[in-house]
Each structure stands twice: as C-alpha cells, then as structure tokens.
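Below: one structure, written as structure tokens.
The values are calculated or read from the model by the stated rules, or taken from the named source; none is laboratory data. Computed from a predicted model, the values in this text were never measured in an experiment. Note that each Cβ is placed from the backbone with ideal geometry, even for glycine, and that neighbours are counted across all protein chains shown. Accessible surface areas use protein heavy atoms only, side chains included; no ligands, DNA or RNA. Shrake-Rupley method; radii C 1.70, N 1.55, O 1.52, S 1.80 Å.
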Amino acid sequence: MRPEEVETCLRTAGYHLIAGVDEAGRGSLAGPVVAAAVILPPTCAIDGVDDSKALSAHRREQLDLAIRAEAMAIGFGVIQEEVIDAINILQATMLAMRRAIEDLNPPPDFVLIDGDRSPNCSSPHRLIPSGDRLCFSISAASILAKVGRDRIMQAYDLALPQYGFSRHKGYGTPEHLSAIARFGASPIHRKSFRGVREYV
C-alpha cells in the first residue's frame, strides 16, 4: 500500500474516521511546537492542499479556512517553550501530537502520522515519513498546524517587536540570530537550543 493510497485502502477496510496529524515549529528557536489533527469526510476534495512548506502564507490561510469548513473534527496540541526545554523537542513534539489526537471529537478510528516516530497514541495508527506530501489528511493537518502556530508567533511579535517574530516565526534566520545577540533571550525563547543558550 503506497502512502498516497492509504486513506482509500483504510476506508475499504472499514475505517471511517481517519485522522491526519502533523506538527509545526519543531526547528524554531522560540515559541511553542504545535500539532494539528484533522478528520475529513471521504468525499472531501480541496484543491491545492499540499505540504504547508510548499505553500505561500496567503494560500495557507485560504486553505485553512477551506479545511475548517469541511472538517468533521479538528484537534490541536500546543507545547510551550519551557516544556520543550524540560523534556526536549522530540518528546515535546510527540506530546503535542498525542494532545492533538486526544482533542478530536469524535475520536478517530485510525490515525495517519507524519514522520517515523510514534507518539504512542491509543488509536490504531500508521507512521508515514514525508506524509505531509503524500497523504491528503496529513497535508491538511500540516496547514492547520502551520497557520495556527504562525498566528501565535504574530501575537508574540506585538509584545516583543524587537525580535521580528512576525517575519521569521522564531526560526534561526540571520535577522533573528542578530536580534538574540543584541537583546538576549526573551521569555519565549527555547533556552536549551543552540543559538539561544549562549545568551542566557
């Protein structure tokens, strides 16, 4: 079963509530890691749904609205920077994914998860590396996670404009690294990450 066929095969096998799960912000130096889970109806067909990284910010916003309009259920898991520092980014990402799945109502029959690490969810699930490019529901989840996290970082930008969060969303761009060197680490920076810990 190829990844791009997995949803069709699962429905043929009797699974009806199939969730896709993905995260955003794993590599950022600041702010939370955000996971989204989404259950879409079998007949759902939204043009342009793809890996969120392959889409413009404007197109992601449009697709976010379209996905929300079609979705049977949406769940989110948001893990803040202090927890990331305490348990490490891999464990924080897994926790965000579990919380997103647990946030779904109704709960899923089967879960498709981007990546090669299991978040140990209680539902039957399959891991799909590069699933955000291969599975429709995971692509949809990647868009929801990215748009949701970008909005969080835009809100932080209002409180901490000197770091430029609205532009780089906390990732390690030259602009961001220069701001950390100049202003030090802010309360939302991940103190355990290289590029930040040197200024704590």
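If I go through segment 78-98 residue by residue, how many of them are of a type outside the set (A, V, I, L, M), more than 17 Å from R194 (Cα to Cα) and touching a Pro at 6+ places or on another chain (Cβ under 9 Å)?
Here is the first cut: in segment 78-98, the ones of a type outside the set (A, V, I, L, M) are 80-82, 85, 88, 91, 93, 98.
In the following step, the residues that additionally are more than 17 Å from R194 (Cα to Cα) were identified as 80, 91, 93, 98.
Keeping just the survivors that are touching a Pro at 6+ places or on another chain (Cβ under 9 Å) gives 80, 93, 98.
Summing the residues that are of a type outside the set (A, V, I, L, M), more than 17 Å from R194 (Cα to Cα) and touching a Pro at 6+ places or on another chain (Cβ under 9 Å) in segment 78-98 gives 3.
Answer yes if at least one residue in segment 136-155 is of a type in the set (D, E, K, R) and open to solvent by less than 10 Å² (accessible area, probe 1.4 Å), and no otherwise. So that I can check it myself, show each step before the final result.
Filtering segment 136-155 down to residues of a type in the set (D, E, K, R) leaves 146, 149-151.
Right, trim to open to solvent by less than 10 Å² (accessible area, probe 1.4 Å) and you get 149.
For segment 136-155, residues of a type in the set (D, E, K, R) and open to solvent by less than 10 Å² (accessible area, probe 1.4 Å): present.
If you scan segment 164-176, which residues turn out to be in contact (Cβ under 8 Å) with a residue 40 or more places away in the chain and open to solvent by 40 Å² or more (accessible area, probe 1.4 Å)?
To start, the set of residues in segment 164-176 that are in contact (Cβ under 8 Å) with a residue 40 or more places away in the chain comprises 165, 169-172, 176.
Of everything in segment 164-176, those that are in contact (Cβ under 8 Å) with a residue 40 or more places away in the chain and open to solvent by 40 Å² or more (accessible area, probe 1.4 Å) turn out to be Y171, G172.
Quick one: V21 ticks every box in (1) more than 28 Å from Y163 (Cβ to Cβ); (2) among the hydrophobic types (A, V, I, L, M, F, W, C); (3) surrounded by 15 or more Cβ atoms within 10 Å (Cβ to Cβ); (4) at pLDDT below 95 bar one, so which box is it?
With (1) more than 28 Å from Y163 (Cβ to Cβ); (2) among the hydrophobic types (A, V, I, L, M, F, W, C); (3) surrounded by 15 or more Cβ atoms within 10 Å (Cβ to Cβ); (4) at pLDDT below 95 applied to V21, the lone miss is (4).
Return the pairs, sorted by first residue and then second, in which the second residue is assigned to a strand (DSSP E or B) and of a type in the set (D, E), the first residue lies in segment 12-28 and is under 23 Å from R117 (Cβ atoms), the beta carbons are less than 8 Å apart, and the residues are 6+ apart or on different chains.
Within 8 Å, the pairs are G20/D114; V21/D114; D22/D114; E23/D114.
Find the residue count for segment 73-105, including only residues that are closer than 28 Å to V200 by Cβ, aliphatic (A, V, I, L, M) and open to solvent by 10 Å² or more (accessible area, probe 1.4 Å).
Residues meeting the conditions: 8.
Taking I87 and the conditions (1) in contact (Cβ under 8 Å) with a residue 12 or more places away in the chain; (2) in contact with a helix residue (DSSP H, G or I) (Cβ under 8 Å, 6 or more places away or on another chain), which numbered condition does it fall short on, given that it satisfies the others?
Tallying (1) in contact (Cβ under 8 Å) with a residue 12 or more places away in the chain; (2) in contact with a helix residue (DSSP H, G or I) (Cβ under 8 Å, 6 or more places away or on another chain), I87 fails exactly one: (1).
Please determine whether any residue of segment 106-122 is closer than 22 Å to L17 by Cα, of a type in the set (S, T, N, Q) and surrounded by 18 or more Cβ atoms within 10 Å (Cβ to Cβ).
No, there is no match, as no residue in segment 106-122 is closer than 22 Å to L17 by Cα, of a type in the set (S, T, N, Q) and surrounded by 18 or more Cβ atoms within 10 Å (Cβ to Cβ).
I'm trying to understand the selection: among the residues of segment 35-70, which are buried (at least 18 other Cβ atoms within 10 Å of the Cβ), aliphatic (A, V, I, L, M) and within 26 Å of E102 (Cβ to Cβ)?
A35, A36, A37, V38, I39, L40, V49, L63, I67
Only one of these is in contact (Cβ under 8 Å) with a residue 60 or more places away in the chain, open to solvent by 10 Å² or more (accessible area, probe 1.4 Å), on the phi > 0 side of the Ramachandran plot and not charged (D, E, K, R): G195, G184. Name it. Give the steps one after another, and end with the answer.
Values: G184 fails: in contact (Cβ under 8 Å) with a residue 60 or more places away in the chain.
From the options G195, G184, the qualifying one is G195.
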